[in-house]
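S.K.: This is the structure, below, for whatever I ask next.
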Amino acid sequence: MAACLVLAGCGSGSGGASHAASTPPATTPEPTAAATPGPRLRARVLGRLPAPVELPAVATRGSALLAIGGLDTGTASVSSIVRVQGGKARVVGHLPTPLHDAAAATAGTTTLFVGGGEAGAGSRGILRILPGGGTRPAGSLPVGASDAAAAAVGNEIYVVGGYTGTVPLRSIFALRPTGSVRVVAEMPRPLRYAAVAAVGGRVLIAGGTSGTTARREVLSFDPRTRRVSRLARLPQPVTHAAGAALNGRFYVLGGRGDALGSQRAAILVVDPGSGRVTRAGKLPEPLSDLSAASFPDRVTVVGGRDPQGHARDEIWSLTARP
């Protein structure tokens, strides 16, 4: 690897679904949520998944979304690969073993499924998801990682943070479709369950759990310089939210605080240029552990966990209000 793996012994924390010295990052002003509303999103239900699920790994495949793995209503890991096209969803394949809290993204025509939780530990596996729903081994991480998130910029997929099963991670991994893996940056602190999306050639990272505490920072990782900088500050700490990009903005969807039942419906939007954070509407109901995929004209949201601890099966479409 081109850089050392960055771990931090901060304990496992309470951020589960139910379950090295660093250079200080560059800083920019950290505005909080402003009173003037930003671009707002409207949500509507498109359909239902084959079964309720929390935190499936999601990736786009053309105009479709793939929802892979996750936790079912009994908080057991699932192996299903579900193709979502509009409001229709069907199982098209299965992982070799059930996994939850994994990451996935598509770079070019290659979709990779990375890590995930299994038997109390993070998986090291990287799988290529084939067009028909099959899988093929595509390499391995230096350490196991669940609770991570991923986004693609160009021909690389960047995997942010995670948890080995004993140690949280502060590294950002770069994966190529060829299977090569390297550490390209480190965050100011270890981070799990962050909201992540690629916007304007950067990877934006909001909230997440560090140790046992939800965070407010919005970080920006620039793959060209390999620098992580502070871009903004959320109005309150949030973890287990979803991240998405639409019309050049970064959206943070739902999530919760430190408590399992503190789900939120808020949609926040971050201007990647100024770092300004504004409110952009609400989900129809409070949800954490939802997953989101970005398309040119919409954001598609699947699954999630409600304040009563139930996994959900809705497929939501979020579009900009005229």
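S.K.: Against the definition (within 20 Å of residue 240 (Cβ to Cβ) and either small (Gly, Ala, Ser) or modelled with pLDDT of 95 or more (or both)), how does residue 130 come out, yes or no?
M.R.: Details: within 20 Å of residue 240 (Cβ to Cβ): no; either small (Gly, Ala, Ser) or modelled with pLDDT of 95 or more (or both): yes.
No: the conditions fail for residue 130.
S.K.: While we're here: Before we move on, is residue 197 open to solvent by less than 10 Å² (accessible area, probe 1.4 Å), touching a Lys or Arg at 6+ places or on another chain (Cβ under 6 Å), within 27 Å of residue 95 (Cβ to Cβ) and in a strand (DSSP E or B)?
M.R.: no
For every residue, the table says whether it meets (1) open to solvent by 20 Å² or more (accessible area, probe 1.4 Å); (2) in a loop (DSSP other than H, G, I, E, B); (3) touching an Asp or Glu at 6+ places or on another chain (Cβ under 8 Å); (4) hydrophobic (A, V, I, L, M, F, W, C).
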| site | (1), (2), (3), (4) |
| --- | --- |
| 127 | yes, no, no, yes |
| 142 | yes, yes, no, no |
| 152 | yes, no, no, yes |
| 162 | no, no, yes, no |
| 166 | yes, yes, no, no |
| 170 | yes, no, yes, no |
| 173 | no, no, no, yes |
| 177 | yes, yes, no, no |
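S.K.: Within region 56-105, which residues are assigned to a loop (DSSP other than H, G, I, E, B), touching a Gly at 6+ places or on another chain (Cβ under 8 Å), open to solvent by 10 Å² or more (accessible area, probe 1.4 Å) and modelled with pLDDT of 95 or more? Outline the logic, then answer.
M.R.: Initially, region 56-105 is screened for residues assigned to a loop (DSSP other than H, G, I, E, B), giving 56, 62-63, 69-70, 72-76, 86-87, 101-102.
If we keep only those that are touching a Gly at 6+ places or on another chain (Cβ under 8 Å) too, we end up with 56, 69-70, 86-87, 101-102.
Next, from what is left, pick out any that are open to solvent by 10 Å² or more (accessible area, probe 1.4 Å): 86-87, 102.
Hit for region 56-105 is 102, nothing else.
S.K.: Tally the residues that are open to solvent by 10 Å² or more (accessible area, probe 1.4 Å) and within 23 Å of residue 240 (Cα to Cα), restricting the search to region 106-125.
M.R.: Summing the residues that are open to solvent by 10 Å² or more (accessible area, probe 1.4 Å) and within 23 Å of residue 240 (Cα to Cα) in region 106-125 gives 9.
S.K.: Still on this structure, please answer the following. If a residue must be under 16 Å from residue 319 (Cα atoms) and crowded, with 23+ Cβ neighbours inside 10 Å, how many such residues does region 271-282 contain? I'd like the intermediate steps shown before the answer.
M.R.: Of all residues in region 271-282, those under 16 Å from residue 319 (Cα atoms) come to 279-282.
Imposing the further condition that a residue be crowded, with 23+ Cβ neighbours inside 10 Å reduces the set to 280.
Of the residues in that region, 1 qualify.
S.K.: When both residues are 6+ apart or on different chains and their Cβ atoms are under 8 Å apart, which pairs have a first residue that lies in region 298-322 and is open to solvent by less than 30 Å² (accessible area, probe 1.4 Å), and a second that is among the aromatic types (Phe, Trp, Tyr)?
M.R.: So the pair list comes out as 299/251; 300/316; 301/316; 302/316; 318/251.
S.K.: Here is a list of conditions, (1) at pLDDT 95 or above; (2) over 17 Å from the mean Cα position of the chain (by Cα); (3) among the hydrophobic types (A, V, I, L, M, F, W, C), and residue 203 meets all of them except one; can you say which number that is?
M.R.: (2)
S.K.: Considering 232, 206, 244, which residue is open to solvent by less than 10 Å² (accessible area, probe 1.4 Å), farther than 24 Å from residue 59 by Cβ and in contact with a strand residue (DSSP E or B) (Cβ under 8 Å, 6 or more places away or on another chain)?
M.R.: 232
S.K.: For region 264-297, which positions are of a type in the set (A, V, I, L, M) and closer than 18 Å to residue 309 by Cβ? Show your work before the answer.
M.R.: Our first condition is that a residue be of a type in the set (A, V, I, L, M); within region 264-297, this holds for 265-270, 277, 280, 283, 287, 290, 292-293.
Hits for region 264-297 are 265, 283, 287, 290.
The values are calculated or read from the model by the stated rules, or taken from the named source; none is laboratory data. Not measured: the values here are computed from a predicted model. Cβ atoms come from the backbone with ideal geometry, glycine included; neighbour counts cover every protein chain shown. Surface accessibility is based on the protein's heavy atoms, side chains included, excluding ligands, DNA and RNA. Shrake-Rupley method; radii C 1.70, N 1.55, O 1.52, S 1.80 Å.
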